[in-house]
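Enquirer: Got a structure for you, questions after.
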Amino acid sequence: MRGCAVITGAAGGLGIPISRRMAEAGFHVLLVDRSPAVAQVADDIRSAGLLAEHSVADLSTDEGVAAVADAVRATGIPLMALVNNAGITRDARMQNMTTEQFEQVIEVNLLVAMRLTLGLRELFAEGSSVVSMSSRAALGNFGQSNYVTSKSALIGFTRALAQQWAPRVRANAVAPGLIDSPMTQAMPAEVLSGLVDKVPAGRIGTADDVADAVVFLVSDAASYITGQVLTVCGGRSIAP
Ligand SMILES: NC(=O)c1ccc[n+]([C@@H]2O[C@H](COP(=O)([O-])OP(=O)(O)OC[C@H]3O[C@@H](n4cnc5c(N)ncnc54)[C@H](O)[C@@H]3O)[C@@H](O)[C@H]2O)c1
């Protein structure tokens, strides 16, 4: 067993496969989500003979962060990984975006990750790592000024963390591109196929593609990688 790994947003489209892959990689996973559905995700992982528990917590609150820290301590094993994956969208054109929509997205996508990471600071073991879920949208996406801002700020936070907590803790970000998820499944077929046509890899990404990148970054194979962004977009970010 490789230690405890906390995964946030663990009841979501990417959170479920990330949680499963992390458990398969030998972590005792602590799955956190504000949705009670996270209990079923932990059950399913345990059914496969792996180590999982869950915490239903709203990470926008100090109580939620404290509950996760208590749950990590209660495992009695070292904290080796944190995956800041919880995130939301509140899309609108720039001129129609309300301050509330902007603040909600910054709150969850940036401040939840910052608060939880700092809230677990004393628990991180030597050689542990933080992976935060950014997005290829950090480069810019129409109608998502709040999301773009949050995801690029998360990269800044990752770099600052990597500098300041080295060498005890590594910090990296994953930036998924077009991924098969409820969001993309809701798009009109012709819009989606137009987007897929722009992906050099010739296909939409899967949640497992993203989960594999997370598992790599927390592994010993990535022990010399910190402060970086691993873009998982089938080459879209370098396409003409
Ligand atoms: N799905 C994609 O195509 C895609 C692409 C790029 C980046 N991302 C990023 O990946 C991450 C996961 O995306 P997803 O598609 O699985 O989203 P999702 O909506 O399916 O899951 C997000 C989860 O976060 C949880 N959550 C939100 N706010 C929370 C809070 N305050 N406290 C605790 N839990 C909270 C939700 O309950 C939900 O289960 C997000 O950060 C998203 O921005 C997703």
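Enquirer: Exactly one of (1) closer than 21 Å to Val68 by Cβ; (2) more than 14 Å from the chain's Cα centre (by Cα) is unmet by Ala166. Its number?
Expert: Failed condition: (1).
Enquirer: Continuing with this model, one more query. What number of residues within the range 212-238 are under 26 Å from Gln164 (Cα atoms), of a type in the set (Gly, Ala, Ser), open to solvent by less than 60 Å² (accessible area, probe 1.4 Å) and assigned to a helix (DSSP H, G or I)?
Expert: The qualifying residues number 2.
Enquirer: Would you point out the residue of the range 167-188, among those that are more than 21 Å from Ser134 (Cα to Cα) and at pLDDT 95 or above, that is surrounded by the most Cβ atoms within 10 Å (Cβ to Cβ)?
Expert: Once the filter is applied, the top-ranked residue is Arg168.
Enquirer: Does at least one position in the range 190-203 carry a residue that is within 22 Å of Asp91 (Cα to Cα), within 13 Å of the chain's Cα centre (by Cα) and open to solvent by less than 60 Å² (accessible area, probe 1.4 Å)?
Expert: no
Enquirer: Hey, can you tell me all the residues within the range 88-133 that are touching a Ser or Thr at 6+ places or on another chain (Cβ under 6 Å) and either open to solvent by 60 Å² or more (accessible area, probe 1.4 Å) or small (Gly, Ala, Ser) (or both)?
Expert: Correct list: Met94, Ala113, Ser132.
Enquirer: Could you look through the range 138-149, keep only residues that are touching a residue at least 24 places away in the same chain (Cβ under 8 Å) and in contact with a Ser or Thr (Cβ under 9 Å, 6 or more places away or on another chain), and pick out the one that is most open to solvent (accessible area, probe 1.4 Å)?
Expert: For the range 138-149, the residue satisfying everything is Leu139.
Enquirer: When the residues of the range 57-83 are narrowed to those that are within 10 Å of the ligand (Cβ to nearest atom) and among the small types (Gly, Ala, Ser), which ends up most open to solvent (accessible area, probe 1.4 Å)?
Expert: Ser60
Enquirer: Considering His28, His54, which residue is within 15 Å of the ligand (Cβ to nearest atom), open to solvent by 10 Å² or more (accessible area, probe 1.4 Å) and of a type outside the set (Phe, Trp, Tyr)?
Expert: His54
Enquirer: Taking only the range 113-160 into account, find how many residues are more than 15 Å from Ile88 (Cβ to Cβ), basic (Lys, Arg) and within 11 Å of the ligand (Cβ to nearest atom).
Expert: 2
The values are calculated or read from the model by the stated rules, or taken from the named source; none is laboratory data. Note that this is a predicted model, so its numbers are computed, not measured. Quick reminder, even Gly has a Cβ in these numbers, built from the backbone with ideal geometry, and neighbours come from all protein chains shown. The accessibility values were calculated without ligands, DNA or RNA, using every heavy atom of the protein model including side chains. Shrake-Rupley method; radii C 1.70, N 1.55, O 1.52, S 1.80 Å.
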